[in-house]
Amino acid sequence: GSERPAERVHVDQVGYLPSAPKRAVVVEPERSAVEPERFAVRERGDGRVAVAGDCSEPVDDTNAGETVRRADFSALSDPGEYRVAVGRGETADGGLRETAAESVPFRVGADVYDGTLVDAVRLYTLKRSNTAIDDPVTGLDVPAGHAGDAEARTYFGDECRDEGEPLDVSGGWYDAGDYGKYVPPAAVTVGQMLLAYERYPSAFEAGQCDLPVERSGIERSPADGDGAGESEPDLPDLLVEAKFELEWLERMQRADGAVYHKVAAREWPAIDEAPTDDDRERFVYGLSTFGTAGYAAAMAMAARVYADDAPGFADRALENARAAHDYLEANPEPEFRFDAGQDDGSGPYRKDTDREERFWATAELLKTTGDTRYADYLEVRFVDLFDAAPRAPVWTDTLSLGQWAYLSADAADDARADRLESAFLDYADDLVAAVEADGYRCALDAEDYHWASTKLALSKGSMLLLANAIDPDERYVAGALDQLHYALGRTPTGYSYVTGQGTHPPRNPHDRLVEGTGANIPGMVVSGANRNGDDERLAEFIERTDAPPAKCYVDETESYSANEWAIDYTAPIFLPLGHAATMDDA
Ligand code: 9MR
């Protein structure tokens, strides 16, 4: 366990961009303390007052169960390190006569999130399965684990399904705090990475992260087909890492185009087992049309994104995507093939419908190829989804990734694309209103504080940046950055929900690689506040403290429903970080 932060003045604990709005959230004291009527932002070194003013009137924040004020210090644009103090009265230098509380230190600078971006990309490298890692930055030093992934068997009940030779499903990232590898979150994670790259290519460079691995990933033999052995010196690190996952994904595809569901063992490893301690046999389980569709979407995106720097790989990705889509066309009913016992030692990632994922797959293929057969498939099967209200993408629902792909495709029908653009703007306008009404400017409503709420806040923020690409509006950008500020520590709990970022990051993530090696791995977006208390430790905390939704969080290793990371939790941070990295460019 650990002490909970006692901060009363909440800031983005990493910091703010010079040109962006800057706000602190100030918790109103319950009784007879000094009222936080005014604020003063002081330089950390000499205490000089850089900017001061009045706090807003108090407002109730029901999600946090608090009354809060805001201190708006957007006028501050000089790079430096600061704290925000709040209190009463005014001194000659503009400071406070009585100080009630002060924030943790934070930075202002154009490069303020560069370290977060680097940590977020490197995190995936450190989570590579079947890969020896010796990382001078974090000290993580692990030999390759789970060697059996190179010849895994398909599994069904007590029997191994006879699908011919054992499969090589090596590579890819461990999903989360466990060592499973699952197709649906992999597809949406790669999708969000590639989307961030497509929107903000200049934010992601080759060599920016000093990846502690060969940039070409697991050695492929020429027999692996197009692109094997390609040298890609110019490939940005983000794309190097996404490619590593894509290469695993393609190993999960069957000859008929369908994609298996996951690679996992029949029981969970203990929380302190390093990868090499876990010698349980792992199997290839299940198969689904929703996972096959997500796969097709990610591969179709890869065919565009890698076309210049890794053309052989891009060609192969397109073939993979088309083959998956052919399977879907031949199998129009949703299928989730469940192998008996497949969830005994791994997460379910189950979804029995697949329309949102099919829509995404087909729209990406249309965008990449311009082939009218994909436009026809959408018209015939999914005409209703063109007019469905946009929703923040998550692994259970990729509708709006598909809507975005469609509206930005050259081959789109103009009238449909226009309607979709308006729908994105309507979504953004509503979300901005909700953000502005929330005490912490968090995009989550009361019901959203469920498992992986931090991810949802970032995903909602990402939607604002897509709207901003349609019709630039500084409220959209501010609202998106507000979700980054939330993830980085301007929260009701006082925690940053990203490991290694800020003064009060999660220090006890539910993570086998961390527990098994003792390493600190920065860049992990943890689940965060979860009012449903889906594990014993968190449930006990909620019961004992009667915590409001936004405070249902514990920084405890045991709490897998509040304090675990997963690949798809960090994924939606790349759009806001990409925007931030390019915002103060001349
Ligand atoms: O992120 C997943 C979340 O949306 C689900 O509600 C939850 C319960 O099914 O599972 C989460 O995913 C976990 C996965 O099943 C296994 N690896 C760890 C993932 C993060 O907790």
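Computed from the coordinates by the stated procedures, all read-outs in this text should not be read as laboratory data. The model shown is predicted, which means the values in this text are computed figures rather than measured ones. Methodologically, a virtual Cβ is constructed for each residue, glycine included, from the backbone with ideal geometry; neighbour enumeration extends over all protein chains shown.
Before moving on, here are some points about what is shown:
- Overall Cα dimensions of region 9-108, principal axis frame, Å, largest first: 35, 31, 18
- With only Cα atoms counted, the chain has Rg and Dmax values of 23.9, 82 Å.
- The chain: relative contact order as a whole-number percent, Cα under 8 Å and 6+ apart: 16 percent
- Note, ³J(HN,Hα) from phi for region 53-69, Karplus 6.51, -1.76, 1.60, rounded to Hz, x at Gly and Pro: x, 8, 6, 5, 5, x, 10, 7, 10, 6, 5, 8, x, 9, 9, 10, 10
- For region 391-405, 3J(HN,Hα) per residue [Karplus equation, 6.51 cos²θ - 1.76 cosθ + 1.60, θ = phi - 60°, Hz, x = Gly/Pro]: 9, 4, x, 8, 5, 7, 7, 9, 3, 6, 5, x, 4, 5, 4
- For ARG391, the residues whose amide H sits under 5 Å from its own are SER400, ignoring neighbours fewer than 5 places away on the same chain, with H placed 1.01 Å from N.
- Dipole magnitude of region 9-108 about its Cα centre (Cβ charges: Lys, Arg +1; Asp, Glu -1), debye to nearest 20: 280 debye
- Between ASP410 and ARG97, full extension at 0.36 nm per residue minus the direct alpha carbon distance yields a gain of 106.6 nm.
- Taken over the C-alpha atoms, region 310-377 has Rg and Dmax values of 14.9, 43 angstrom.
- By the count of other C-beta atoms within 10 Å, a proxy for reagent exposure, SER561, SER527 are ordered fewest to most as SER561, SER527.
- Positive-end extreme of charge dipole, the chain - chosen from TRP268, GLY479, LEU140 (charges on Cβ): GLY479
- Distant-in-sequence amide contacts of TRP173, defined by a placed amide H-H separation under 5 Å and a gap of 5 or more residues or a different chain, comprise SER129.
- Spatial extent of region 268-340: Rg and Dmax, with the Cα atoms as the point set, Å: 16.9, 45
- Mean residue ellipticity, 222 nm, helices only, the chain: the sum of -39500 (n - 2.57) across DSSP H runs of n ≥ 4, divided by residue count and rounded to 500, is -11000 deg cm²/dmol.
- Relative contact order of region 9-108: 36 percent, from C-alpha pairs under 8 Å at least 6 residues apart in sequence.
- Residues TRP451, TRP248 in ascending order of nearby Cβ atoms (within 10 Å, fewest first): TRP451, TRP248.
- Taking other C-beta atoms within 10 angstrom as a stand-in for reagent exposure, SER496, SER19 fall in the order SER19, SER496, fewest first.
- Residue-by-residue Karplus 3J(HN,Hα) for region 495-508, coefficients 6.51, -1.76, 1.60, Hz, glycine and proline x: 8, 7, 9, 10, 4, x, 10, x, 6, 10, x, x, 10, 10
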